[in-house]
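Everything below concerns the one structure shown next.
Derivation of every value follows stated rules applied to the coordinates shown; laboratory data play no part. Just so we're clear, the structure is a prediction, and the values are computed from it rather than from any experiment. In this analysis, Cβ positions are derived from the backbone assuming ideal geometry, glycine residues included, and neighbour counts consider all displayed protein chains.
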Amino acid sequence: MKLNAGKAILNYAGFQIGWFLLVLTQSAWAVFWALGFVVMHAALFGSRREWQAVIPIMILGLLVDLIWHLTPAVQFLGAGQPVPLWLVGLWLMFPLTLNHSLAWLKGRLGLQIVLGVVGGGGSYVAGTQFGAATMEPWALIAVPLAWGLWLPLFYWWLDRQNHTLPTQIETT
C-alpha cells in the first residue's frame with residue numbers, strides 16, 4: 001500500500017504546527033490542537049490495527065518522559081501533573097507520524113538512529129531554548145543518545161505488529 005503524498009504532507013505539517021504551538025505556549029489549551037490532530041488522523045488514516053500499534057508507543061513515550069521528569073535530568077515546565085499537558089499532547093501526536101510522514105524511515109535502521117538523535121533528541125534541546133524545559137548538562141547528550149535507541153525501537157514495535165501500512169509515498 002502506498003501513502004498519498006498530500007496526506008503525508010498534511011500529517012507532517014499538522015505535527016510541526018502542533019509541536020511549535022505546544023512547546024512555545026506550554027498551554028493546556030494547546031492540547032486541543034493535539035486532539036484535533038488525532039481526530040484528523042483518525043478520519044484520514046485511522047485503522048484499528050494502527051491504533052493498536054501506536055497507543056503503546058504513546059504510553060511508553062509518556063512514561064519515559066515522566067521518568068526523565070522525576071529525575072533532575074529534564075524538568076518539563078507548564079501546567080499539568082505529573083507532566084505538563086502540552087507534553088501529553090506531543091505524545092498523542094508524534095506516534096501518528098511514524099507510519100505516515102515518517103514512513104520513509106521504515107526498514108532504515110541507520111537513518112532511524114540518526115534521525116532519533118538529531119530530530120528526537122534535538123527537539124528536547126530546542127524545547128529548552130524555547131523555555132519549555134530545563135536539562136542538566138549531561139542530559140543534553142544523554143537524551144539525544146537515548147532517542148537514537150527509542151526511534152528504532154518504535155519501528156521495531158511497529159514491524160512486530162505485522163501492519164500493512166504505507167511504506168512508500170506516491171506522488172499522485
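Average projected area of the Cα convex hull of region 76-139, in nm²?
That works out to 5.2 nm², a quarter of the Cα hull's surface.
Given a Förster distance of 41 Å, report the FRET efficiency between Glu136 and Ile55 from their Cβ-Cβ distance, rounded to the nearest 0.05.
Working: r = 31 Å, r/R0 = 0.75.
After rounding to 0.05, the efficiency reads 0.85.
Output the DSSP H helices from the chain with an along-axis C-alpha extent of no less than 27 Å and a mean Kyte-Doolittle hydropathy no less than -1.0.
5-25, 48-70, 139-160
Using only Cα atoms, figure out Rg for the chain and give it as a multiple of 2.2 N^0.38 Å.
With N residues counted in the chain, Rg over 2.2 N^0.38 Å equals 1.00.
Compare the peptides 53-66, 78-91 by average per-residue count of other Cβ atoms within 10 angstrom and give them in order, highest first.
So the order, starting with the most tightly packed, is 78-91, 53-66.
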